[in-house]
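Enquirer: This is the structure, below, for whatever I ask next.
The values are calculated or read from the model by the stated rules, or taken from the named source; none is laboratory data. These figures come from a predicted structure and were not determined experimentally. Quick reminder, even Gly has a Cβ in these numbers, built from the backbone with ideal geometry, and neighbours come from all protein chains shown. Note: accessible area is taken over every heavy atom of the protein model, side chains too, but ligands, DNA and RNA are not part of it. Shrake-Rupley method; radii C 1.70, N 1.55, O 1.52, S 1.80 Å.
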Amino acid sequence: MKFRFTFLLLSLSFLAFGQNNSFSDLFQSVNSICWETEAEIIKAQATGTLSEKQSDSLINRWELFCGTTEASIRSRLLHDLKYQGKLDTLIPLEYWRVYFKNLEGDSYLSSELQKHLEWSKGEAWQLLYSREWPKYERKVLEILAAEDMQEVYDQMMKKESYEDPEFEKLSQLVKDEAQPEDISFGLAYNYFYLNQDLKENLGAMHGASLFMDYQTEKFGFSLQTGFAASEQKAYLRFVEDGNQTVSDLEILFHIEAYLQYAVLNSRRSRLRFGAGFGFNSFSTDLSNYDEELDQENPIGIGSFYPSVGLDYSNRLHGTRRIGLAAQYHLTDYNGNDELRSALAGHMLAASLYFSF
């Protein structure tokens, strides 16, 4: 009896397992239905031959299986603009925030959705120049047609948008997304004009530097570091192991930190006053031998100095700027115990820079 009962249970188990295997082929997961529908609709939209009713039906089907997504909303916006010529409501800022992340590649997009993003840019560009648009609809198309956030920033910084209260919140969102926390980096060419003994010995100096800049509406902080080489070699007397020797000054290393105040901060131009401190050091071909470390330590001469200056820049594209800066450095090398030559003077550093 026990054997028959056990055999019956095993038979039912095998039958149930076989049925499950056959039924599993009849059902698809929600995700797989969404992905297949999404790919099919994106491919159909890209053909460019859809009527108003067909396009509307496809978007409805997309949202039925996948829910409302950024891509389906973008399709709906283009559909309404193409066939109705207007938008019934303002687009929430939260939608733009998601769209900007997709535009900049900060969110993962499948290959199909990436194709759809590129397709929508082309559609928006064609619609933008197909007719005259109301102010708000035109701005939406300009944003959707932009290649990246730098181009979106340019669109929002146009005079008519920058001064329009209707776009104030959107402009601020674009600014925050294009340049988070107002931090920028840059490259600069530096020319050092010298006076007194510095000019007599070195002539002038040319160099390059890197900088990091943080700027709020009025106040900022800048950190810069770089190298420079003189136009002529300076052979100066040094004390090495109690004896005087002659060596030339070589590369100048410098680092400066500034606090800045924006005297002018307009749509395109910015003028700032800055004050701070810095340190620079000339390298030489001399060195001291350290017995404990068993190595040669190079001899250099340096100076800590206060500095003041002005900085003017103009916005080129997006948040990218080109500018001119001038800082006056109050340097003094005569307090260096190893130097036995006069090396007094001040530096005026003029910089041409590009920030991004």
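Enquirer: Quick check, is residue 144 assigned by the TED database to the domain that holds residue 96 and among the hydrophobic types (A, V, I, L, M, F, W, C)?
Expert: When the stated conditions are applied, residue 144 passes them.
Enquirer: Can you run down the residue pairs with Cβ atoms below 8 Å, 6 or more apart or on separate chains, where the first is in segment 79-99 and in contact (Cβ under 8 Å) with a residue 24 or more places away in the chain and the partner is open to solvent by 90 Å² or more (accessible area, probe 1.4 Å)?
Expert: 85/131; 93/169
Enquirer: Same structure again: Somewhere in segment 187-194, is a residue crowded, with 17+ Cβ neighbours inside 10 Å and in the same structural domain as residue 97 (by the TED database)?
Expert: No, there is no match, as no residue in segment 187-194 is crowded, with 17+ Cβ neighbours inside 10 Å and in the same structural domain as residue 97 (by the TED database).
Enquirer: Which of the numbered conditions does residue 200 fail, given that it passes all the others? Conditions: (1) in contact with a Leu (Cβ under 7 Å, 6 or more places away or on another chain); (2) more than 22 Å from residue 149 (Cβ to Cβ).
Expert: (1)
Enquirer: Out of (1) among the small types (Gly, Ala, Ser); (2) open to solvent by less than 30 Å² (accessible area, probe 1.4 Å); (3) assigned to a helix (DSSP H, G or I), the odd one out for residue 122 is which?
Expert: Single failed check for residue 122: (2).
Enquirer: Sticking with this one: Can you tell me which residues in segment 191-218 are more than 20 Å from the chain's Cα centre (by Cα) and under 20 Å from residue 315 (Cα atoms)?
Expert: 218
Enquirer: Which residue is farthest from residue 225 (Cα to Cα), if the candidates are limited to segment 305-356 and must be polar (S, T, N, Q) and outside any strand (DSSP E or B)?
Expert: The residue in question is 341.
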